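This report refers to the structure that appears directly beneath it.
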Amino acid sequence: MTDHVKIRRDGAVLEITFARPEKKNALSNAMYLAAAEALNDAQSDASARVVLFSAEGDAFTAGNDLADFAAVASGRGEVLAHRFIDALARAEKPIVAAVPGLAVGVGTTMLLHCDLVYLADTAKLTTPFVNLALVPEAASSLLLPARIGHVRAFAMFALGEALSAAETLALGLANKVLPREALLDAAREAARALASRPLGALVATKKLMREGERILGQIARESAIFGERLQTPEAREAFTAFVERRPPDFTKLAP
């Protein structure tokens, strides 16, 4: 377990908080496992009716801890993000997210699996997978274009273009944009409201609104390619450049 993921109960609401603010809540393997376990436990706990994701500090999450990616690219270790992504995709109970700031990579793609999303007005969403010589995950290659259109989604994936909180709201990826000091209270209020609704009807509605098998199939395809990409010369260059604090040079590498 890890101290970087905090779990608290507020009645029927289970709150999962990323608590590594000194690293902008970059997600380590231990954090992925802890969040996945809490999310899975909530599905089997009859007293937990809603899950709320939040974060300490001024970032939601800077995405995967790049040190873990670099280790895999150099032939050491593994990345356990898939455990968390699978738990998100299979979750049947409602999920609410409170995003206080920066949301990178999985910090953005996980929001596509949340049912209500509240953003601080300083939030910024990015999915710069291609910049790291990787591909999208969490079925975002399917879900994001479906929500915001192909060209906007491709620019986010391939160019690393960001969405501001206002743009995210306008594109239908969030419910409300609020001052940061009001964010968590609003998200908790929404989670409590959901918890008061008939859970069977909520679960059935969520299932009807999501193509579960298609999403899981896309996640499997993405995961396979993502794993292959981590072993490529392009990925090694991306993460070596990160460690050496220099721009990567992909121009002389075969795809």
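The values are calculated or read from the model by the stated rules, or taken from the named source; none is laboratory data. Because the structure is a prediction, the values reported are computed rather than measured. Counting neighbours? That spans all protein chains shown, and the Cβs are built from the backbone with ideal geometry, glycine included.
Scan segment 174-194 residue by residue and report those that are in contact with a helix residue (DSSP H, G or I) (Cβ under 9 Å, 6 or more places away or on another chain) and of a type in the set (Gly, Ala, Ser).
We begin by selecting, within segment 174-194, every residue in contact with a helix residue (DSSP H, G or I) (Cβ under 9 Å, 6 or more places away or on another chain); these are 174-178, 194.
Answer for segment 174-194, where residues must be in contact with a helix residue (DSSP H, G or I) (Cβ under 9 Å, 6 or more places away or on another chain) and of a type in the set (Gly, Ala, Ser): just Ala174.
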- Could you grab the pairs with beta carbons closer than 6 Å, sequence gap of 6+ or different chains, first residue in segment 196-217 and surrounded by 16 or more Cβ atoms within 10 Å (Cβ to Cβ), second one part of a helix (DSSP H, G or I) and modelled with pLDDT of 95 or more? Ile215/Ala89
- So, first residue more than 12 Å from Thr109 (Cα to Cα) in segment 61-72, second residue modelled with pLDDT under 75 and surrounded by fewer than 19 Cβ atoms within 10 Å (Cβ to Cβ), Cβ within less than 8 Å, six or more apart or across chains; the pairs are Asp68/Gly77; Ala71/Gly77
- Query: All but one of (1) touching a residue at least 40 places away in the same chain (Cβ under 8 Å); (2) surrounded by 23 or more Cβ atoms within 10 Å (Cβ to Cβ); (3) on the phi < 0 side of the Ramachandran plot hold for Thr127; which doesn't?
  - Reply: (1)
- Which of the strands (runs of 3 or more DSSP E) contained wholly in segment 93-133 include at least 1 residues that are of a type in the set (D, E, K, R)? 124-126
- Message: Quick check on my filter: what residues within segment 205-220 are over 17 Å from Leu116 (Cβ atoms) and not acidic (Asp, Glu)?
- Response: Gly212, Arg214, Ile215, Leu216, Gly217, Gln218, Ile219, Ala220
- Query: Looking at segment 229-241, which of its residues are surrounded by fewer than 16 Cβ atoms within 10 Å (Cβ to Cβ) and either under 23 Å from the mean Cα position of the chain (by Cα) or of a type in the set (Asp, Glu) (or both)?
  - Reply: Gln231
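Against the definition (of a type in the set (S, T, N, Q), farther than 30 Å from Thr240 by Cα and either at pLDDT 95 or above or touching a Cys at 6+ places or on another chain (Cβ under 7 Å) (or both)), how does Thr122 come out, yes or no? Can you show your working first?
Values: of a type in the set (S, T, N, Q): yes; farther than 30 Å from Thr240 by Cα: yes; either at pLDDT 95 or above or touching a Cys at 6+ places or on another chain (Cβ under 7 Å) (or both): yes.
Taking the combined requirement at face value, the residue satisfies it.
Can we say Ala120 is farther than 18 Å from Glu234 by Cβ, surrounded by 19 or more Cβ atoms within 10 Å (Cβ to Cβ) and under 13 Å from the mean Cα position of the chain (by Cα)? Break it down stepwise before answering.
Numbers: farther than 18 Å from Glu234 by Cβ: yes; surrounded by 19 or more Cβ atoms within 10 Å (Cβ to Cβ): yes; under 13 Å from the mean Cα position of the chain (by Cα): no.
No; evaluated as a whole, the condition is false for this residue.
Conditions tested, residue by residue: (1) at pLDDT 95 or above; (2) small (Gly, Ala, Ser); (3) in contact with a strand residue (DSSP E or B) (Cβ under 8 Å, 6 or more places away or on another chain).
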residue	(1), (2), (3)
Leu184	yes, no, yes
Lys207	yes, no, no
Ala220	yes, yes, no
Arg229	no, no, no
Thr232	no, no, no
Ala235	no, yes, no
Val243	no, no, no
Pro247	no, no, no
Lys252	no, no, no
- Task: Confirm whether Ala195 is within 17 Å of Ala42 (Cβ to Cβ) and touching a strand residue (DSSP E or B) at 6+ places or on another chain (Cβ under 6 Å).
- Result: yes
